[in-house]
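> One structure, pasted below without further comment.
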Amino acid sequence: MIGAILLMAAQAAPVFAPPLDRSLTMTTETVRREGPATRRFIARRTVRFSTTPDGYRVAITLDTAAPGEADSDPAGLLRAGFAGLAGRTVVLQLDRSGAVTGVDDLPAIWRAIVEGMGAMAPVGTDPATQAHAARVRAIVATLAAQPEAAQRRMIASLVTPLIAPELVAEAATPAPPRAVRVPASSIYGQTELDGLRAVRYRPDGIEVSVSATGPIAVTTPEGTASARITLETLRRIDPHTGLVIESRERVETLTPDGALQSERLTVTHLQPAGGAER
């Protein structure tokens, strides 16, 4: 009986065992559609894990970045700020569970990100461009003044979306889909949506999916505009390493009559460096 309990506990324990001293390629492609316009952005990073006495070290090199995908919101500007790190290697320290505990050379890394965000302020003399630039500069000033712990969390987002050993443990105990409330962003801004989350153990890995929808409204000089947002996400996790090897997120903004106003699809793959694209 005790042996069975210990076995179950071991099976349910979070598994984080990244491949060591091997280069992995993380490729993220984002496609945005707004009306007749379609924009495509690709960011590629090389990730390499190694061991340390207290856990792991991960070196992340931004091979390509996509500064053009920024929006006038903190999350979009932060993504654009990472373009300031292109060609540079960022080193993070992790504990044995994969949590980020430190960032090497944090002040210099953060300074490069802030400069990258600041470069996104548009240049022009017309009122709309100047208002846009002022919004960007205000957000950049707020982010630049963040305390060290917040800076570390934001830089850690270079790799934290790949690390999910807790989902390996969760998948060991099957459960029905459950109700969740999740954040979402669109051209209307930020909101939270009600939806369902499911965790499944598949032959090719663990799948975690979220499906959510909800209303959102934005106030403009012309009045209040409303829309409906739908969010679909899917993550596949390697149960042997605890790494997310594929993720997909689709966000659609629909007008009150159900017409598609905008769509954003983001797909990320993690694979051995030099491997074939999926």
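> Relative contact order for the chain: what is it in percent, counting Cα pairs under 8 Å that are at least 6 residues apart? Write out the running numbers ahead of the final one.
Details: 595 pairs, mean separation 52.8, N = 278.
Relative contact order comes out at 19 percent.
> Stretched out fully, how many nm does the piece from ARG248 to ARG137 gain, at 0.36 nm a residue minus the Cα gap?
So the chain would gain 36.9 nm between ARG248 and ARG137.
> With every protein chain present, what is the per residue accessible area of the chain (1.4 Å probe, Å²)? Write down the numbers at each step before the final one.
Working: 14380 Å² over 278 residues.
Accessible surface, normalised per residue, equals 52 Å².
> Collect residues whose amide H, placed 1.01 Å from N in the peptide plane, falls under 5 Å from the amide H of ILE245; neighbours closer than 5 in sequence don't count.
ARG236, ILE237, ASP238
> Something else now. Using a ≥ b ≥ c from the Cα gyration tensor of the range 118-172 (square roots of the eigenvalues), is it rounded, prolate or oblate, where a/c under 1.5 gives rounded and otherwise the larger of a/b and b/c decides, a/b for prolate? Let's see the in-between values first.
Details: a/c = 4.58, a/b = 2.62, b/c = 1.74.
The shape class here is prolate.
> Still on this structure: Considering only DSSP states other than H, G, I, E and B, which trypsin sites (Lys or Arg not before Pro) in the range 79-159 qualify as loop sites with at most 16 other Cβ atoms within 10 Å? Walk me through the intermediate numbers first.
Working: sites: ARG79, ARG88, ARG96, ARG111, ARG135, ARG137, ARG152, ARG153; in loops: ARG88, ARG96.
Loop-located and lightly packed - ARG88, ARG96.
> Where is the GNM fluctuation largest for the chain (alpha-carbon springs, 10 angstrom cutoff): ALA144, ALA169, ALA131?
ALA131
> Here is a further query. Need one word for the range 133-278: rounded, prolate or oblate. Basis is the Cα gyration tensor (sqrt eigenvalues a ≥ b ≥ c); a/c below 1.5 gives rounded, then a/b vs b/c decides.
Numbers: a/c = 2.02, a/b = 1.36, b/c = 1.49.
The shape class here is oblate.
> Enumerate the amide H contacts of VAL15 below 5 Å, restricted to partners 5 or more residues apart or on another chain; note that Pro and chain-start residues carry no placed amide H.
Placed amide hydrogens put VAL168, ALA169 under 5 Å from VAL15.
> In terms of the Cα gyration tensor, with a ≥ b ≥ c the square roots of its eigenvalues, is the chain rounded because a/c is under 1.5, prolate because a/b exceeds b/c, or oblate? Display every interim value, and only then the final one.
Numbers: a/c = 2.05, a/b = 1.31, b/c = 1.56.
Oblate shape, in that a/c is at least 1.5 and b/c is the bigger or equal ratio.
The values are calculated or read from the model by the stated rules, or taken from the named source; none is laboratory data. Everything numeric in this text was worked out from a predicted model, so none of it was measured. A quick note on method: Cβ atoms are made from the backbone with ideal geometry, for glycine too, and the neighbour counts reach across all protein chains shown. Heads up: the accessible areas ignore ligands, DNA and RNA and are worked out on the full protein's heavy atoms, side chains in. Shrake-Rupley method; radii C 1.70, N 1.55, O 1.52, S 1.80 Å.
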